[in-house]
Amino acid sequence: MASIQAIRGTRDILPGEIGDWQTIESVARTILGCAAYQEIRTPLFEQTDLFERGIGEATDVVGKEMYTFKDRGDRSLTLRPEGTAGVVRSYVEHGLHAQGGVQRLWYTGAMFRYERPQAGRQRQFHQLGVEVLGSSDVRADAEVIAIANQILQTIGLKNLSLQLNSIGDASDRSNYREALVAYLAPFQDQLDPDSQHRLSHNPLRILDSKDANTQAILDKAPSILEYLSPDSQKRFEQIQALLNDLGIPSTINARLVRGLDYYTHTVFEIQSEDLGAQATVCAGGRYDGLVSQLGGPETPAVGWAMGLERLVILLQQLQAQKLPSVDFYIVSRGEAAEAQALKLAQALRQSGFKTELDLSGSAFGKQFKRADRSGAAACLILGDAEAEAATVQLKWLKSGEQSAIAQTELLSNLDQLRQQLTHATA
RNA sequence: GCGAGCGUAGCCAAGUGGUUAAGGCAGUGGUUUGUGGUACCACCAUCCGGGGGUUCGAGUCCCCUCGUUCGCCCCA
């Protein structure tokens, strides 16, 4: 194809589906506002180093999925593959911790990962996420999960499940890692190739393997939950109790480990039954070590991110798109009438009516046809006679009732008009 | 990065080697130069994602390429 098209893994969001995006954003904005979270906007690209140190060099996201390039000053920059690292960098750089207390932040925007595009996965995609910085209270973990849950419920999504796990602190994990490797070593030959490789590099991720044989071997493997210290254990029990009190059902999944290195203790995912292989709609957890790792003071933190494209897919599954209809469709013919029609349209718009002006100049019959298709409640008609008398024909399209009214009178009785509109559309 | 499927107009879609590429929806014009939603008529792909090859002849077969879908990896 000779014409230029959007590059692989990117997509235009056209007017027909923008409503779903706006629904999701406004629901989230309202809920986050009520929970006293503040929006933060950070740059789309950062020093490459930030992601390498923050996310972990051994992770796939950093190892093979980053959009990294040199700028003209020979600096290595990377299009952000996720939101947390940038938010934490900003938090440290601007000394937000010095403001004391807990910082509750949220963000939304485009993220970039160089992956093979697939349903629910693109190279440029959008996330909405929250970060609570400065609290180690278990209630913070519960709060962020409750908010995620509230957003998804309010949007109207069904068939979701919350999976919960604890991966303990660094020492719990290193104890467990040893135990897991000790258990798996004798089975090394029977593991799938990826898992064999991970045995030496990142053994915990073997738990995630979808290979049936590997999973069978894992059935008798030790569980991370048996290796939690008493403190970690207590945390995990508390979070479960809190969610239970909040009436949020959850499932413990001891094999849930996340792909980014910075997580500690609580990790969770919310999955949908109605998506394909990319079923995770929201994921997150606690990351107590990240802030200090990026040069800030020891700061406990917890957060999550949602994949907006995936939410849009789910939203589209459960509602037929209905075209937004307009209040008034204005048809006109003749020089004077056309000029008056424009003025009338502006006046109605300024008063908050959704008003569409027919610009075609074609025959009245054609204009009426378009008026009908626009789904307008009423049609305003201006021809030579109306222009002369400074009146306008007001026609209710559903009933077909039509009457002449002075333009000034129309504009001075807007409240009444508004009432008639709600009746006409009801 | 790997495996498999698909790619015909804005959308859905027939066509499986032989002159001019069905049909439906949408769109545009008309019947109707001041009144719509129904109906009827007309128009709407010199071309089958792109490039190359086989053939007397290709949308139809082969190769490459791009895109897309599903899965793996991984992830939101």
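Would you mind giving the average projected area, over all directions, of the Cα convex hull of the stretch A:56-178 in nm² with one decimal?
11.2 nm²
Return the distance in nm (one decimal) between the two label points of a simple spin-label model at A:Lys220 and A:Glu388, each offset 7 Å from Cα along Cα→Cβ.
With each label placed 7 Å out from Cα toward Cβ, I get 10.0 nm.
For the modelled label position 7 Å from the Cα of A:Tyr183 along Cα-to-Cβ, which residues of the stretch A:192-208 have backbone nitrogen atoms closer than 15 Å?
The answer is A:199, A:203-208.
Give the lysines reachable from A:Lys158 as a straight Cα distance under 21 Å; neighbours fewer than 8 places away on the same chain don't count.
A:Lys322
Could you tell me how many degrees, from 0 to 90 and to the nearest 10, lie between the Cα long axis of helix A:308-317 and the main elongation axis, the longest principal axis, of the Cα atoms of chain A?
It works out to around 60 degrees.
³J(HN,Hα) across the stretch A:124-137 via Karplus (A = 6.51, B = -1.76, C = 1.60, θ = phi - 60°), whole Hz, x for Gly/Pro?
Working through the residues one at a time gives 10, 9, 10, 10, 10, x, 10, 9, 10, 10, x, 9, 9, 4 Hz.
Where in the stretch A:149-166 does the amide nitrogen come within less than 15 Å of the point 7 Å from the Cα of A:Thr280, taken along Cα to Cβ?
Counting only backbone N, you get A:161-166.
Considering the convex hull of the alpha carbon atoms of the stretch A:328-425, report its projected area averaged over all viewing directions, in nm², one decimal. Walk me through the numbers on the way to the answer.
Values: hull surface 21.7 nm².
Approximately 5.4 nm², given one-decimal rounding.
Of the accessible area of chain A, with the probe set at 1.4 angstrom, what percent is carbon plus sulfur?
49 percent
Could you pull out the pairs from A:Lys64/A:Lys234; A:Lys64/A:Lys210; A:Lys64/A:Lys220; A:Lys343/A:Lys395 whose alpha carbons sit more than 29 Å apart here?
A:Lys64/A:Lys234; A:Lys64/A:Lys220
Can you pull the one-decimal nm distance between simple spin-label points at A:Gln316 and A:Ile4, each 7 Å off the Cα toward Cβ?
2.5 nm
Write down the accessible area per residue of chain A in Å², having rolled a 1.4 Å probe over the full set of protein chains.
Each residue of chain A exposes 51 Å² on average to a 1.4 Å probe.
Go through A:57-63, A:121-127 and give me the packing order, highest mean Cβ count within 10 Å leading.
Top to bottom by mean Cβ count within 10 Å: A:121-127, A:57-63.
Compute the helix-to-body angle for A:84-93: its Cα long axis versus the longest principal axis of chain A, expressed 0 to 90° and rounded to tens.
90 degrees
Could you compute the FRET efficiency for A:Ala363 and A:Glu335, with r as their C-beta to C-beta distance and R0 at 22 Å, rounded to 0.05?
Values: r = 16 Å, r/R0 = 0.72.
Step by step, r from the Cβ atoms, then E = 0.90.
Under a point-charge model restricted to the Cβ atoms of Lys and Arg (+1) and Asp and Glu (-1), what is the dipole moment magnitude of the stretch A:46-121 relative to its Cα centre, in debye to the nearest 20?
Using Cβ point charges on Lys, Arg, Asp and Glu, the stretch A:46-121 gives about 200 debye.
What percent does the relative contact order of the stretch A:328-425 come to when contacts are Cα pairs within less than 8 Å and at least six residues apart?
Contact order relative to length: 28 percent.
Output needed: percent of Cα pairs per 10 Å distance bin for chain A, bins running from 0 to the one holding the longest distance.
The distribution over chain A is 4, 17, 23, 19, 13, 11, 8, 4, 1, 0, given as percents.
Mind giving me the FRET efficiency for A:Asp12 and A:Arg255? R0 is 30 Å, r the Cβ-Cβ distance, nearest 0.05 is fine.
According to the calculation, E is roughly 0.20.
Could you sort A:Glu115, A:Glu93 by their accessible area in this structure, using a 1.4 Å probe and putting the largest first? If you can, show how the numbers build up before the last one.
Working: A:Glu115 35, A:Glu93 120 Å².
Descending accessible area places them as A:Glu93, A:Glu115.
Expressed in nm to one decimal, what extension gain is obtained for the pair A:Asp415 and A:Ala212 from 0.36 nm per residue of sequence separation less their Cα-Cα distance?
This chain segment gains 66.4 nm when fully extended.
Angle between the Cα long axis of helix A:335-350 and the longest principal axis of chain A, 0 to 90 degrees, nearest 10?
Taking the Cα atoms of chain A, the angle to A:335-350 is about 40 degrees.
Choose one answer from A:Arg333, A:Arg173, A:Arg113: the residue with the largest mean-square fluctuation in a GNM of chain A with alpha-carbon springs under 10 Å.
Highest fluctuation of the listed residues: A:Arg333.
Looking at the P(r) of the stretch A:272-344, how many percent of alpha-carbon pairs lie beyond 21 Å?
Result: 64 percent of Cα pairs exceed 21 Å.
The values are calculated or read from the model by the stated rules, or taken from the named source; none is laboratory data. Everything quoted here is computed from the prediction, not taken from an experiment. Because the Cβ atoms are built from the backbone with ideal geometry, glycine has one as well, and the counts that use them run over all protein chains shown. Side chains included, ligands, DNA and RNA excluded: accessible areas come from the protein's heavy atoms. Shrake-Rupley method; radii C 1.70, N 1.55, O 1.52, S 1.80 Å.
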